[in-house]
Each structure stands twice: as structure tokens, then as C-alpha cells.
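Read through the structure below, which is laid out as C-alpha cells, and then see the notes.
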Amino acid sequence: MSSVAIVPAAGKGERFGGAKLMADVRGEPLLNHTIRSLLDGGVSRVVVVVPPVSAMMVPLLADVRVMTAVNPDPARGMFSSIQAGASGAVGDVLLVLPGDMPFVRPATVTALLEAAQESGVAVSPRYRGRRGHPIALPGRLRAAILAGKADATLSAVLAADGIARIDIDVEDPGILKDVDEPGDIGQ
């Protein structure tokens, strides 16, 4: 099975005060943690979607399994970044994990990949009754993502394509924890 993760990382991080993905989390950039979780969880390739002008100094961006894609207009929203990433993401399973979610455990990524491979449908993690990220998608959904309007949502594309979605329970509070403000790092 080949799997590709799309990591939307083109936002400005305005609530954070900018440079959110470069913020220090346990001695390394926040985005590095997000990428490492995906790679350690078994993703074959990671596509990090960046803005047109980016000076991110993230060590794992140099990993041969990691590539970047540019979202020419990130102001259009996260789905436009997912589309930019999907253009370079070909695999049996596509995983989408926002770049500002550094606390997702690799075991969760592994469980999602296995569930998606077995079921052939979209799979989301659920912690204590709440659905979170990342979401695993069947690779066949790539064409529908690319054909969607830039202001659409991934949920709308799933619904329009008739893709079933299941949840798997995980013991990982990180699936619910994105970083919006500096105080979110230490919680």
C-alpha cells in the first residue's frame, strides 16, 4: 500500500502572531513534529503545502520522503491547500493533517492507514466521542478533490462523491489539539 499525507501549511497564523509553524515545541519547529508523526506512523510520502513565499527552516523538509507544493492563493482557504497538495499526491490512501497539529501520535496515523486500507472509505479518528484529525481518504478521491471548487470543503467533496466515512476510536488527545495561539503549545 502506498500512502501520501497532505499537510496544509500555507496559512498566515495570524492569531498566533505569525510564524506559527516555526514555533519551538520541545526544541524543534512545530511543523517538524507534524511531519515526524506522519512518517513514523507509516506514511510513504508527505506533501507540505506552503504559501508562494516561504522561508520555513524545518529539518524534515529536507527528508527525501517529503516534498513541498505551493498554494498560489492560500487566502482561498484550507481546501485550496488540500487541492494544491493533492496535485502531487498519488497513493492508495491520502491522509490530510493540518500543519498546526504537532501532537498527533504516530500510532494514530498507523491505525488510520490500516483502517482505510481495509475499509476503502474515509476514516477519521475519534477521541472520547469527538472526531479529529487526520482524515484518511481512499486514493480514488483525488480526482474529485482536484475538480472541486477552491472554496469548497473536504466534507462537501466527500458528500458529493458519495464516499462513506467511518470513525475509529483512538487514545490520542492530540487529534483534537491544533495550535492557534502561543498558549496552545504548552497545554
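The values are calculated or read from the model by the stated rules, or taken from the named source; none is laboratory data. Since the model is a prediction, treat every value here as computed from it, not as a measurement. Neighbour counts are summed over all protein chains in view; Cβ atoms, including those assigned to glycine, are modelled from backbone coordinates with ideal geometry.
For residues in region 19-30 being closer than 24 Å to V4 by Cβ and charged (D, E, K, R), which is surrounded by the most Cβ atoms within 10 Å (Cβ to Cβ)?
Per the criteria, the residue is K20.
Cβ-Cβ below 7 Å, separation at least six or inter-chain, first residue in region 80-107 and over 8 Å from I6 (Cβ atoms), second assigned to a loop (DSSP other than H, G, I, E, B) and of a type in the set (S, T, Y): which pairs?
If the second residue must be assigned to a loop (DSSP other than H, G, I, E, B) and of a type in the set (S, T, Y), the pairs left are G91/S2; G91/S44; D92/S2.
Taking A75 as the residue in question, decide whether it is of a type outside the set (S, T, Y), modelled with pLDDT under 95 and in a helix (DSSP H, G or I). Can you show your working first?
Values: of a type outside the set (S, T, Y): yes; modelled with pLDDT under 95: yes; in a helix (DSSP H, G or I): yes.
Yes, satisfied.
Looking at D180, D100, can you tell me which residue is assigned to a loop (DSSP other than H, G, I, E, B) and buried (at least 16 other Cβ atoms within 10 Å of the Cβ)? Outline the logic, then answer.
On the way: D180 fails: buried (at least 16 other Cβ atoms within 10 Å of the Cβ).
Matching residue, one of D180, D100: D100.
Condition check ((1) in contact with a helix residue (DSSP H, G or I) (Cβ under 7 Å, 6 or more places away or on another chain); (2) part of a loop (DSSP other than H, G, I, E, B)) across all residues:
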| residue | (1), (2) |
| --- | --- |
| L141 | yes, no |
| A144 | yes, no |
| A152 | yes, yes |
| A156 | no, no |
| A159 | no, no |
| I175 | yes, no |
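Given the structure, is G91 surrounded by fewer than 24 Cβ atoms within 10 Å (Cβ to Cβ) and either within 24 Å of G174 (Cα to Cα) or of a type outside the set (K, R) (or both)?
Values: surrounded by fewer than 24 Cβ atoms within 10 Å (Cβ to Cβ): yes; either within 24 Å of G174 (Cα to Cα) or of a type outside the set (K, R) (or both): yes.
Yes.
Can you tell me how many residues within region 81-97 are more than 13 Å from the chain's Cα centre (by Cα) and either farther than 14 Å from V49 by Cα or part of a helix (DSSP H, G or I) (or both)? Spell out the reasoning first.
Step one: list which residues in region 81-97 are more than 13 Å from the chain's Cα centre (by Cα), which gives 87-88, 90-92.
Now narrow it down to the ones that are either farther than 14 Å from V49 by Cα or part of a helix (DSSP H, G or I) (or both): 90-92.
So the count comes out to 3.
State the number of residues belonging to region 137-185 that are without any contact (Cβ under 8 Å) to a residue 60 or more places away in the chain and within 14 Å of the chain's Cα centre (by Cα).
Looking only at that region, the number is 2.
Restricting the search to region 31-68, which residues are in contact with a Pro (Cβ under 7 Å, 6 or more places away or on another chain), modelled with pLDDT of 90 or more and either crowded, with 17+ Cβ neighbours inside 10 Å or assigned to a loop (DSSP other than H, G, I, E, B) (or both)?
N32, H33, T34, S37, G41, V49 - these are the residues of region 31-68 that are in contact with a Pro (Cβ under 7 Å, 6 or more places away or on another chain), modelled with pLDDT of 90 or more and either crowded, with 17+ Cβ neighbours inside 10 Å or assigned to a loop (DSSP other than H, G, I, E, B) (or both).
Within region 161-173, how many residues turn out to be in a loop (DSSP other than H, G, I, E, B) and surrounded by 13 or more Cβ atoms within 10 Å (Cβ to Cβ)?
Restricting attention to region 161-173, the residues satisfying the condition of being in a loop (DSSP other than H, G, I, E, B) are 162-164, 170-172.
Next cut, surrounded by 13 or more Cβ atoms within 10 Å (Cβ to Cβ) only: 163, 170, 172.
Total satisfying the criteria: 3.
Considering only residues of region 141-169 that are modelled with pLDDT under 90 and among the charged types (D, E, K, R), which is nearest to G41 (Cα to Cα)?
Applying the filter and picking the extreme gives D161.
Mind checking which residues of region 24-73 are under 22 Å from L94 (Cβ atoms) and of a type in the set (K, R)?
R36, R45, R65
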